[in-house]
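To keep things clear, I will list the structure first and then write my remarks on it.
The values are calculated or read from the model by the stated rules, or taken from the named source; none is laboratory data. This is a predicted model, so every value here is computed, not measured. With ideal geometry, Cβ positions are generated from the backbone for all residues, glycine too; neighbour counts draw on all protein chains shown.
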Amino acid sequence: MPKIKALLIALMLSGTVGAYARYATPDGLPPEISEHPLGRTYVAAHRGGYFGLQNVQRQFDATTAAKTADILEMDLRASSDGDVFVYHDDDLSTKSTCSGDPHTLTSAQIRQCRLPAGDPLPRFEDVLAHAKGKPVFLDAEFKTMDVIAPAITLAIRADMLDQVYFQTQGDRAKYAAARAISKDVFLQYKATRDDDIDWVIAQHDPKLVVVEMNATFATSARIKKLHRAGKRVSVNSWRYQVLEERLTASCDQAFRRGVDIAVTNNPASCSAQRNPHHYSSPRQALRDALMQPNEKGDND
């Protein structure tokens with residue numbers, strides 16, 4: 001126990017000064033934003049709450065019921081016959097009792113697969129039905145091209161276009177494919193260079209509502225430029241710290257810079273960090289000690 005305590009103290013002392021000097025920002029949150037559909041700062045639960053049951057319906061339901069997140073982030077893949085499932089990896093063997101790429105199996109086969117806690121892979125159609133009418137957005141990532149058409153079709157059939165936005169990463173072909181299917185679907189694009197930001201603005205697309213940036217690229221100047229164009233900015237907030245928010249969220253780092261959507265592994269802690277009084281709490285020193293940027297393996 002003494003060794004563990006000493007290690008924690010050393011971590012805090014060694015990390016706080018350097019990390020805070022590099023990542024400290026002025027107190028206060030960005031002003032409220034009134035434009036549809038995202039009208040304020042938002043907490044997005046990564047895969048429904050990363051340290052719970054990832055991409056599982058009961059985790060989505062639990063996070064929604066707890067009111068710790070405004071947005072449920074998830075990943076979409078298609079079966080060989082065009083059904084849409086919530087699953088992250090490109091091989092079912094990594095997180096389920098099945099194996100192979102989901103697009104090589106039929107919907108009936110995937111429905112027999114079980115995740116580590118015994119849950120089935122959620123069908124996107126069912127996720128939409130669970131969320132409909134509830135105060136929560138869905139942030140769904142197109143993992144492959146073949147999932148774009150069926151996923152958007154399901155959202156249209158469910159009359160959920162005002163409650164869902166789809167991630168196209170930084171893939172302009174995915175953006176074009178989604179836009180060809182529907183002019184009304186809300187989309188997110190990932191900008192990794194300044195010309196990506198210029199490209200987004202040049203589309204003059206009011207339904208391209210969110211721009212994702214990584215933690216180091218999301219400077220105040222770039223955020224303001226996108227705000228002037230009517231876009232919202234999303235950042236994976238766990239990338240601000242080496243432990244990826246296992247002990248405490250780092251959403252304050254995002255909110256203080258003007259980020260609109262903090263995608264977090266720790267939605268309860270992230271939600272609390274929207275309150276500016278949180279920043280002066282005794283936990284601030286520990287959070288600052290953990291602020292070591294982590295952009296390696298940036299795989300959503």
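In summary, Thr216 fulfils each of the numbered conditions (1) closer than 27 Å to Gln241 by Cα; (2) crowded, with 19+ Cβ neighbours inside 10 Å; (3) of a type in the set (Val, Ile, Thr) with the single exception of condition (2).
Selection within the stretch 88-113: residues that are touching a residue at least 40 places away in the same chain (Cβ under 8 Å) and under 18 Å from Met145 (Cβ atoms). The member of this set that is farthest from the chain's Cα centre (by Cα) is His103. Counting only residues that are surrounded by 24 or more Cβ atoms within 10 Å (Cβ to Cβ) and aliphatic (A, V, I, L, M), which one in the stretch 249-274 is farthest from Lys225 (Cα to Cα)? The selected residue is Ala249.
Can you tell me which residue in the stretch 211-251 is farthest from Lys183 (Cα to Cα), limited to those that are polar (S, T, N, Q) and assigned to a loop (DSSP other than H, G, I, E, B)? Top of the filtered list is Thr248.
Restricting attention to the stretch 181-210, the residues being over 28 Å from Arg157 (Cβ atoms) and either part of a helix (DSSP H, G or I) or in contact (Cβ under 8 Å) with a residue 12 or more places away in the chain (or both) number 11.
Scanning the stretch 219-236 for residues that are within 18 Å of the chain's Cα centre (by Cα) and either exposed (fewer than 15 other Cβ atoms within 10 Å of the Cβ) or closer than 16 Å to Gln167 by Cβ (or both) yields a total of 6.
Just the residues that are among the hydroxyl-bearing types (Ser, Thr, Tyr) and part of a loop (DSSP other than H, G, I, E, B), please, taken from the stretch 121-173. Please lay out each step first, then the result.
Keep residues of the stretch 121-173 that are among the hydroxyl-bearing types (Ser, Thr, Tyr), which gives 144, 153, 165, 168.
Result: Thr144, Thr168.
Selection within the stretch 71-87: residues that are without any contact (Cβ under 8 Å) to a residue 40 or more places away in the chain and out of contact with any Pro (no Cβ under 8 Å at 6 or more places or on another chain). The member of this set that is surrounded by the most Cβ atoms within 10 Å (Cβ to Cβ) is Ser80. Of all the residues that make up the stretch 96-120, how many are modelled with pLDDT of 95 or more, not hydroxyl-bearing (Ser, Thr, Tyr) and not in a helix (DSSP H, G or I)? Residues flagged as modelled with pLDDT of 95 or more, not hydroxyl-bearing (Ser, Thr, Tyr) and not in a helix (DSSP H, G or I) within the stretch 96-120 amount to 11.
Can you give me the number of residues within the stretch 70-86 that are under 16 Å from Ala108 (Cβ atoms) and not in a strand (DSSP E or B)?
The qualifying residues number 5.
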